[in-house]
Amino acid sequence: MSSISGIESVPSKPLVTASQLSVALPVLAVLLASAIFAAFVALYGQNPATVFGLIVQGGFGSSFAWQDTLSRAAPLVLVGLAVAIPAQAGLVIIGGEGALVLGGLAGAVVTLPFAGAHALPMQLLMLLAGGLIGGLWFGLAGVLRQFRGVNETISSLLLSYIGIAVFHHLTEGMLRDPASLDKPSTHPIDPSYMLPTLPGVGVHAGLAVSLLLAIAAHVVLRYTRWGFALRVVGGSARVARMIGLAVNRWIIGASVVAGGMAGIAGAIEVAAVQGTANSSLIVGYGYSGILVAFLARHQPLAIVAVALLIGGMQASASLLQRRLGLPDATMLVFQGLIFICVLVADAIAQQLRETTRR
Amino acid sequence: MSVPQVELKNMTKRFGANLALNNVSLLIGSGTVHALLGENGAGKSTLVKCLVGFYHPDEGHIQVDGREHRLNSPKDADALGIGMVYQHFTLVPSMTVAQNLVVSGARLPAYINWQSELRRLGEVTRKLPFHVPLDVRVSQLSAGEKQKAEIVKQLYLGRKLLILDEPTSVLTPAEADEVLGHVRSLARTGELSAILISHKFHEVRRFADDVTVLRRGASVRTGAVADLTDDALAEAMIGEPVSKMVQHAPKSQPKSDIVLSISDLRVNGDNGLPAVKDLSLEVRAGEIVGIAGVSGNGQLELVEALMGQRDRSGTMTVSGSSFNGTRQEIARLGVYGLPQEPLKNACVDRMSLAENLALRNFDRVPLCRGIAMNYGALADQAERLVAQFRVKAPGLNASMSALSGGNVQRAVLARELTQDVRLLVASNPTFGLDFVACEETYRRILEARNGGAAVLLISEDLDELLGLVDRVLVMSAGRIVHEVSAEGADKRVIGKYMAGLKAA
Ligand SMILES: Nc1ncnc2c1ncn2[C@@H]1O[C@H](COP(=O)(O)OP(=O)(O)OP(=O)(O)O)[C@@H](O)[C@H]1O
Ligand SMILES: [Mg+2]
């Protein structure tokens, strides 16, 4: 106890600089996870080299693979931002899944009353509705934290379950399209309202939306006074109050923006891929977003790169299943391994920092 | 175990290009108190952190009773019986003193036999010349009692060399005298040796046997305290003869306009109970009003409420407008502050020195146009302030915790006092500052006053207060119980009010 008592944690003369470390660590973690994953597939009687070859091929080996990867990366970027933005304010919010499905539901139903309208306003309306509902959902976690002292990590996780339950309740009840027999869904949106495909890329326009939002997040956090203020709030609420920043508003605002990102991700999935809100939305994107953000060290541009990597891995899952008969969940195992390795690497880095400080 | 003689030999420590310790040797005789003096950033804390194994010196080693040791971690220091008491408290507030002590042991058994541990604890504390209540929650202790409990903890852990890094900053002068008196008598009776880091000459003189002066990381003077005059020590610290202390600018007549007006202020403490009770006061332009009081009588809560860090009821107006601590109000009305423990209360640790210097004006031209930050201008401003206030730092991009304690304070001074200050709330603004920086801080506060600012100065040091202020208010149990102008102030009367012996 006395050893951890009161010394400032200052990296004094580290072996590597902090920025080198922040790149090296996730890379090392992924390598380590790959090694463990190789052992895992070897246990299944598969040649790890073949498996990795198929992952690369299935994720990045053809233009078709790239299209699949990119369209998976689009929501991953957004759910990654949903974790990274509140992280700047010192919040750990992990309930992206709930905001995503509710955003998707909002996107799916908001255009139903309007038949035969112009496509673009309808598409914007869907994204907006998704963002609003997602923002409200995360905003609740922010409000609970600031006004009731509820830990935002736990509340966001629990809210996520509630969100999913509400989603089921509505898609199987009030909002159900009676024609959707085996898979309860909302009424399909007008096909002309679906997000278009990006010319030349072959991927839906949701990709462009998420890239734009990632760049915007980068610019705002890095180059504006809002980003500065958010870092002050995240660094010390006491000091933020002293210099007159409205801490509650910043915290809740950051939560709302983050939830908006997750909600937009859901709306994109509906407006570009599913066409309705149904249980296909609930595939764990929200949780993958936690992995993406942590691996990217909460840096918006790095989130894009990591989302591509994870998207590619997820895209290759079906190839692994078809060629090698590996179960569908194999890729989830790999993802889980990466996550654990990142967390362990963080802990080790913390210790390293403490030793090099001396 | 008898008290060992500890010797540091040729210690050198670099932080990057910054030579924090330059070949320093130090001998702490068995059963003596050895004082370390030096300007802010001279390397005092670095030296003792090497001695407790938190830093590894680049060169040099430690000898205990003539045997050479290398300390790789605080555990090694613990094994040698070396322990440190910090400026801030390390006890867990929600546990009792006894629980804190028992769980502070380095090798805790999986199962704690509380009965036998408490018995052992009782034996340790019974022999002490002072009393600390063992079964009281730490959060209910006064600052002095907490610091005594920290010392008891060290003794309980069997420490023989006690390092005290500015242990009295958070104590009132009377508490400081008591705590250091105990350390000295424990040394006298051969219970321990001690290293005492302090900026206060009178403490060094009264409680230390030997003294070593550090300047820019080098040991420049060492000897028995009795052989060295204050002037000689001061000269060794700054490297040149001490010039006559700056004359404070002549006092100006307070203007008639009221800047700060508080009425019926009520603020709750951390425990949810009222800490400030129906307090009303006024401060005029060009006037310094001092608040005297024993710490823990609501001063902290008062300051935090004024700075917008704590909820309050009652009215507070600045220059006639109501003040709620928003950024616009702060800038328009010119309300700034020097809180105590500036690293915690006024700086964001994970942001750089340059960014911390910009906290007050990051959203204004030239640091920001529209919403776009101009980090070039931010760096320019930092460079200017660092030069102007002589902040010593490893670099503008250094994190705040790489600065020495006194330099953090200077950085905050630089940030707050270069604004257009019309109301300054200063809480123990010279804690941790060396005597040169103290004088400078006083001068700047007086300058602000003479420039027409209203100053509310909270201090537990009555001498400091009376030397500076125009009017004294005494705070006790959350209320103002006495008011007197500085000229007519009688220290004994004020002391009685502070102790709560006299009611208003
Ligand atoms: N972790 C660190 N990284 C980089 N530089 C450091 C670190 N710790 C201390 N320094 C530098 O070493 C020098 C000595 O600092 P130290 O804290 O020992 O000063 P000090 O004598 O205790 O001063 P003060 O009276 O202000 O507490 C300072 O210039 C400081 O900036
Ligand atoms: Mg120090």
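The values are calculated or read from the model by the stated rules, or taken from the named source; none is laboratory data. None of the values given here were measured: they were computed from a predicted structure. Here Cβ is always computed from backbone atoms with ideal geometry, including for glycine, and neighbour counts include all displayed protein chains. Protein only, heavy atoms only, side chains kept; ligands, DNA and RNA dropped before computing areas. Shrake-Rupley method; radii C 1.70, N 1.55, O 1.52, S 1.80 Å.
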**Report entry** Subset of the stretch A:294-328 that is within 30 Å of residue A:188 (Cβ to Cβ) and without any contact (Cβ under 8 Å) to a residue 12 or more places away in the chain - its residue that is surrounded by the most Cβ atoms within 10 Å (Cβ to Cβ)
**Finding:** A:321
Report task. Just name the residue that is farthest from the chain's Cα centre (by Cα) out of those in the stretch B:295-354 that are more than 15 Å from residue B:262 (Cβ to Cβ) and away from chain A (no Cβ under 13 Å). Result -> B:297
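Listed here are the residues, each with its yes/no results for (1) surrounded by 19 or more Cβ atoms within 10 Å (Cβ to Cβ); (2) facing another protein chain (nearest Cβ under 7 Å); (3) not in a helix (DSSP H, G or I).
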residue	(1), (2), (3)
A:216	no, no, no
A:226	no, yes, no
A:234	yes, no, no
A:249	no, no, no
A:255	yes, no, no
A:262	yes, no, no
A:267	yes, no, no
A:272	yes, no, no
Requested in this report: Could you check, for the stretch B:345-354, whether at least one of its residues is touching a Cys at 6+ places or on another chain (Cβ under 6 Å), within 16 Å of ligand 1 (Cβ to nearest atom) and in a helix (DSSP H, G or I)?
Outcome: no
Query - Output for the stretch A:329-343, where each listed residue is within 30 Å of residue B:55 (Cα to Cα) and either of a type in the set (Ser, Thr, Tyr) or open to solvent by less than 70 Å² (accessible area, probe 1.4 Å) (or both) - result: A:341, A:342
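Conditions tested, residue by residue: (1) in contact with a helix residue (DSSP H, G or I) (Cβ under 7 Å, 6 or more places away or on another chain); (2) in a loop (DSSP other than H, G, I, E, B); (3) more than 21 Å from residue B:467 (Cβ to Cβ).
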position: B:366; (1), (2), (3): yes, yes, yes
position: B:379; (1), (2), (3): yes, no, yes
position: B:414; (1), (2), (3): yes, no, yes
position: B:433; (1), (2), (3): yes, yes, no
position: B:441; (1), (2), (3): yes, no, no
Report summary line: With criteria (1) surrounded by 17 or more Cβ atoms within 10 Å (Cβ to Cβ); (2) of a type outside the set (Phe, Trp, Tyr); (3) more than 30 Å from residue B:12 (Cα to Cα); (4) without any contact (Cβ under 8 Å) to a residue 60 or more places away in the chain, residue B:115 comes up short on (1)
Query - Residue list for the stretch B:34-66, filter: crowded, with 16+ Cβ neighbours inside 10 Å, away from ligand 2 (no atom under 16 Å from the Cβ) and facing another protein chain (nearest Cβ under 10 Å) - result: B:53, B:56, B:57
Report summary line: A careful count of residues in the stretch B:180-238 that are buried (at least 17 other Cβ atoms within 10 Å of the Cβ) and closer than 19 Å to residue B:153 by Cβ gives 13
Query raised in the report: Since residue A:291 meets every condition but one in (1) touching a Phe, Trp or Tyr at 6+ places or on another chain (Cβ under 8 Å); (2) touching a residue at least 60 places away in the same chain (Cβ under 8 Å), which condition does it not meet?
Result: (2)
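Inside the stretch B:67-178, counting only helices (runs of 4 or more DSSP H) that do not spill past its ends, which hold 1 or more residues that are within 13 Å of chain A (Cβ to nearest Cβ), among the acidic types (Asp, Glu) and under 18 Å from residue B:196 (Cβ atoms)? Quick ask: steps written out before the conclusion?
Values: elements: B:74-79, B:97-103, B:114-126, B:143-156.
Qualifying helices (runs of 4 or more DSSP H): B:143-156.
Can you tell me which residue in the stretch B:384-412 is farthest from ligand 2 (Cβ to nearest atom), limited to those that are away from chain A (no Cβ under 14 Å) and either among the polar types (S, T, N, Q) or free of Cβ contacts under 8 Å to residues at least 24 places away in the same chain (or both)? Let's see the steps before the verdict.
Let us first name the residues in the stretch B:384-412 that are away from chain A (no Cβ under 14 Å), namely B:384-392, B:396, B:406, B:409-410.
Adding the requirement that they be either among the polar types (S, T, N, Q) or free of Cβ contacts under 8 Å to residues at least 24 places away in the same chain (or both) leaves B:384, B:387-388, B:390, B:409.
Values: B:384: 25, B:387: 22, B:388: 22, B:390: 16, B:409: 11 Å.
Within the stretch B:384-412, the match that is farthest from ligand 2 (Cβ to nearest atom) is B:384.
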Requested in this report: Could you tell me whether the stretch B:153-165 includes any residue that is surrounded by fewer than 19 Cβ atoms within 10 Å (Cβ to Cβ) and away from ligand 2 (no atom under 16 Å from the Cβ)?
Outcome: yes
